[in-house]
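Notes follow once the structure below has been shown.
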There are 2 protein chains.
Amino acid sequence: MIEQRIEEVTRANQAFYEAFESLDIAKMDTVWAHLEYVTCVHPGWTLRSDWPNVRDSWVLIFNNTFSMKFELTEVMVQVAGDMAWVICVENITTQQSEEPQQARVLATNLFERIGDEWLMIHHHGSAVMG
Amino acid sequence: MIEQRIEEVTRANQAFYEAFESLDIAKMDTVWAHLEYVTCVHPGWTLRSDWPNVRDSWVLIFNNTFSMKFELTEVMVQVAGDMAWVICVENITTQQSEEPQQARVLATNLFERIGDEWLMIHHHGSAVMG
């Protein structure tokens with residue numbers, strides 16, 4: 001039971017990063033719970049809460065990104081009842097102009113089991129120095 | 001029931017910031033679950049996991065801080081079963097040398113109900129730009 005839930009959450013977390021890489025808002029729509037209490041913190045940004053505001057932040061990022069690839073390391077998945085949290089390091093390669101850039105972001109991702117799906121309810125990404 | 005739990009978690013979150021302000025590791029000890037899966041991200045730092053490593057990071061911060069005061073804004077408390085998460089903005093006044101400094105940090109705090117206590121299992125703080 002717990003192993004199965006950890007597998008499900010691991011897949012939900014991967015689906016989030018696939019949606020992120022796709023830069024396709026329709027994919028991001030399927031990953032998140034469309035609820036008032038969802039929240040999102042992008043590196044250095046202020047807090048976004050409520051689904052329409054969270055969604056807008058993704059549209060803004062997707063419109064300003066040419067290409068983004070993720071390699072996840074130090075992935076930790078924990079499940080307690082219908083709540084799950086994932087901590088991971090996002091090793092990111094972005095391309096906004098010609099030169100590819102590397103960045104390392106630490107992420108806290110929260111998922112809630114709603115119906116038979118694990119949906120994202122919170123994402124907090126922050127830059128790792130050095 | 002849900003209102004009571006939200007009150008309890010709000011108090012647990014306040015106790016965390018009181019422990020932080022006290023710069024007293026004994027107080028921080030009472031706030032956290034002393035478990036392997038606890039994790040902590042200080043602004044710009046890499047991930048710390050497992051209680052002894054998380055504890056060490058607090059000792060390091062407390063040993064290098066003269067004074068730290070928190071004013072919390074945009075506090076959002078959510079409870080689902082025995083899990084709870086708090087998102088808040090920490091408006092911080094620190095004093096390391098003579099000049100007081102202001103900083104704004106966004107925090108994701110996770111709590112788990114263990115026995116009859118809400119204990120911290122994850123803290124993720126990150127700087128807000130501008």
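Assuming R0 = 25 Å, can you tell me the calculated FRET efficiency for the pair A:N53 and A:T30, based on Cβ-Cβ distance, to the nearest 0.05? Write out the running numbers ahead of the final one.
On the way: r = 18 Å, r/R0 = 0.73.
Once the sixth-power term is evaluated, E becomes 0.85.
If you add up the charges near A:L72, with Lys and Arg at +1 and Asp and Glu at -1, over every other residue whose beta carbon is less than 12 angstrom from its beta carbon, what do you get?
Net of charged neighbours comes to -3.
Quick one: plug the Kirkwood hydrodynamic radius of the protein assembly as shown (C-alpha pairs) into Stokes-Einstein at 4 °C, 1.567 mPa s, and report D in µm²/s.
Translational diffusion coefficient: 68 µm²/s.
With chain B treated as a Gaussian network of Cα nodes joined by springs under 10 Å, which of B:Q102, B:Q78, B:Q14 yields the largest mean-square fluctuation?
B:Q102
Which residues among segment B:49-78 fall inside the zone where the amide N is under 17 Å from a point 7 Å beyond the Cα of A:T73, along Cα→Cβ?
B:49
Cβ under 15 Å from B:E8's Cβ, B:E8 left aside: what net charge do those residues give with Lys, Arg +1 and Asp, Glu -1?
For residues surrounding B:E8, the net value is -3.
Please build a GNM for chain B, connecting alpha carbons under 10 Å apart, and tell me which residue among B:T93, B:T30, B:T46 fluctuates the most.
B:T46
Compute, for segment B:43-87, the length of the dipole vector about the Cα centre, with Cβ point charges of +1 (Lys, Arg) and -1 (Asp, Glu) only. Units Debye, rounded to 20.
I would put it at about 160 debye.
With each pseudo-label sitting 7 Å past Cα toward Cβ, what's the A:L60-A:I2 distance in nm, one decimal?
Using points 7 Å along Cα→Cβ, the separation is 4.0 nm.
Just round it to a whole percent: the fraction of Cα-Cα distances in segment B:2-127 exceeding 21 Å.
Cα-Cα pairs in segment B:2-127 separated by more than 21 Å: 35 percent.
Roughly what % of DSSP beta bridges within segment B:2-127 run antiparallel, to the nearest 5?
Here the share of antiparallel DSSP bridges comes out near 90 percent.
Suppose you put the label 7 Å out from Cα in the Cβ direction; list, shortest first and in nm with one decimal, how far A:I25 is from each other copy's label.
Ordered by distance, the counterparts are at 5.0 nm.
Hey, for A:F66 with labels 7 Å out along Cα-Cβ, what do the inter-copy distances come to in nm, ordered shortest first?
Listed shortest first, these distances are 4.8 nm.
Rounding to the nearest 10 and keeping the result within 0 to 90°, find how far the Cα-based axis of helix B:51-63 lies from the longest principal axis of chain B.
30
Which loop-located GluC sites (Glu not before Pro) does segment B:25-130 contain, where loop means any DSSP state but H, G, I, E or B and the Cβ has at most 16 other Cβ atoms within 10 Å?
In loop regions of segment B:25-130 (DSSP not H, G, I, E or B), the sparsely surrounded GluC sites (Glu not before Pro) are B:E36, B:E98.
Using a 7 Å offset from Cα along the direction of the beta-carbon, what are the separations from B:T94 to the same position in each other copy, nm, ascending?
Copy-to-copy label distances for B:T94: 2.4 nm.
With springs only between Cα atoms under 10 Å apart, run a GNM on chain B and tell me which of B:M68, B:M76, B:M120 wobbles the most.
So, out of B:M68, B:M76, B:M120, the one fluctuating most is B:M76.
Where does chain B land at 222 nm, in deg cm²/dmol rounded to the nearest 500, when only DSSP H runs of n ≥ 4 count, each adding -39500 (n - 2.57), divided by all residues?
Theoretical 222 nm ellipticity from helices: -10000 deg cm²/dmol.
Only the coordinates and a few stated rules stand behind these numbers; no lab work does. Computed from a predicted model, the values in this text were never measured in an experiment. Note: ideal-geometry Cβ built from the backbone for every residue, glycine included; neighbour counts use all protein chains shown.
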